[in-house]
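See structure below.
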Ligand SMILES: NC(=O)c1ccc[n+]([C@@H]2O[C@H](COP(=O)([O-])OP(=O)(O)OC[C@H]3O[C@@H](n4cnc5c(N)ncnc54)[C@H](OP(=O)(O)O)[C@@H]3O)[C@@H](O)[C@H]2O)c1
């Protein structure tokens, strides 16, 4: 154990993190692992999964397993759940981190194919995976589901407005699932990151110092966020420190003023 994080709030817990081989998902997996959870990571490419498992183990996370899972594939989702149960015997935490943005431009130029793809991954796949894990959490006495939405759910930034619509839907899904899951002792929450420095957001901040300046001007803290800053919030929501919080989506955007 590296001692990088001082909290051990998730001892004995088992967590699934989707899209966890890079960026925010990888940071979440590392944080949950360092807080004592056994973690199953996944993404579409086997080489990425292998590399991320090794990286996480090297970082000091003790119990880490990985499997290929394209969240849009029903067989993959079922396999991910089965694999987790085989490896660790239960599921306490699901982090629905997977999200895509295949297009950049005016919302009126978004094709039906891109629209469907956005909703299939960002909303439907994450909903269906949640449905799959709920019975296992319920059997186990409860659990936590955490979605990765986005500040674009509230703000509709230029260029990524259609993606933002899917993330607004995720905020609504968090509320709807929270109501249904509360009697099962399952809390459902979300995070809504601002611009976080990862490969996915590169199109927003790379290219010129002007692009980065425009983003940072939006945030009171005057900077872009890091994946680790999202991971800390997820660990909190997954822990008993958040035991009376459900149906919430937490904005992690350095003071960006954004509301629905
Ligand atoms: N970066 C930001 O500024 C920002 C802001 C707000 C919200 N978010 C949200 O944060 C989440 C993660 O984004 P990120 O910025 O961390 O992205 P990233 O650094 O580009 O990493 C993307 C990860 O997702 C995996 N992946 C892609 N498509 C997948 C699929 N269909 N099924 C399973 N795994 C998949 C990739 O691995 P493979 O290639 O191996 O599949 C990789 O591990 C997304 O939901 C995104 O919408 C990001």
For region 17-26, state whether one or more residues are closer than 20 Å to residue 186 by Cα, in contact with a helix residue (DSSP H, G or I) (Cβ under 6 Å, 6 or more places away or on another chain) and more than 8 Å from the ligand (Cβ to nearest atom).
yes
Based on this model, can you work out whether residue 151 counts as within 23 Å of residue 227 (Cβ to Cβ) and either out of contact with any strand residue (DSSP E or B) (no Cβ under 7 Å at 6 or more places or on another chain) or away from the ligand (no atom under 16 Å from the Cβ) (or both)?
no
Please work out which residue is surrounded by the most Cβ atoms within 10 Å (Cβ to Cβ), limiting yourself to region 127-140 and to residues that are out of contact with any helix residue (DSSP H, G or I) (no Cβ under 8 Å at 6 or more places or on another chain) and within 14 Å of residue 89 (Cα to Cα).
140
Options 122, 144, 126: the member that is closer than 23 Å to residue 79 by Cα, in contact with a strand residue (DSSP E or B) (Cβ under 7 Å, 6 or more places away or on another chain) and outside any strand (DSSP E or B):
126
So for region 195-212 (the condition being farther than 24 Å from residue 91 by Cβ, touching a residue at least 60 places away in the same chain (Cβ under 8 Å) and buried (at least 22 other Cβ atoms within 10 Å of the Cβ)), does at least one residue qualify?
yes
Would you confirm whether any residue within region 63-73 is in contact with a helix residue (DSSP H, G or I) (Cβ under 6 Å, 6 or more places away or on another chain), more than 18 Å from residue 50 (Cα to Cα), within 14 Å of the ligand (Cβ to nearest atom) and modelled with pLDDT of 95 or more?
yes
Options 186, 160; residue that is near the ligand (Cβ under 10 Å from one of its atoms) and touching a helix residue (DSSP H, G or I) at 6+ places or on another chain (Cβ under 8 Å):
160
Residue check, residue 144 under 23 Å from residue 253 (Cβ atoms), more than 11 Å from the ligand (Cβ to nearest atom) and in contact (Cβ under 8 Å) with a residue 60 or more places away in the chain
yes
Residue under question is residue 228, and the condition is that it be in contact with a helix residue (DSSP H, G or I) (Cβ under 6 Å, 6 or more places away or on another chain) and either touching a residue at least 40 places away in the same chain (Cβ under 8 Å) or surrounded by 17 or more Cβ atoms within 10 Å (Cβ to Cβ) (or both); does it hold?
yes
Check whether at least one residue in region 166-176 is in contact (Cβ under 8 Å) with a residue 60 or more places away in the chain, in contact with a strand residue (DSSP E or B) (Cβ under 6 Å, 6 or more places away or on another chain) and over 22 Å from residue 76 (Cα atoms), and report yes or no.
yes
Region 141-159 - residue that is surrounded by fewer than 22 Cβ atoms within 10 Å (Cβ to Cβ) and at pLDDT 95 or above and, of those, farthest from residue 81 (Cα to Cα)
154
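The values are calculated or read from the model by the stated rules, or taken from the named source; none is laboratory data. Quick caveat, the model's predicted, so the values are computed rather than measured. Cβ coordinates were reconstructed from backbone atoms using ideal geometry, including for glycine residues, and neighbour counts include every protein chain displayed.
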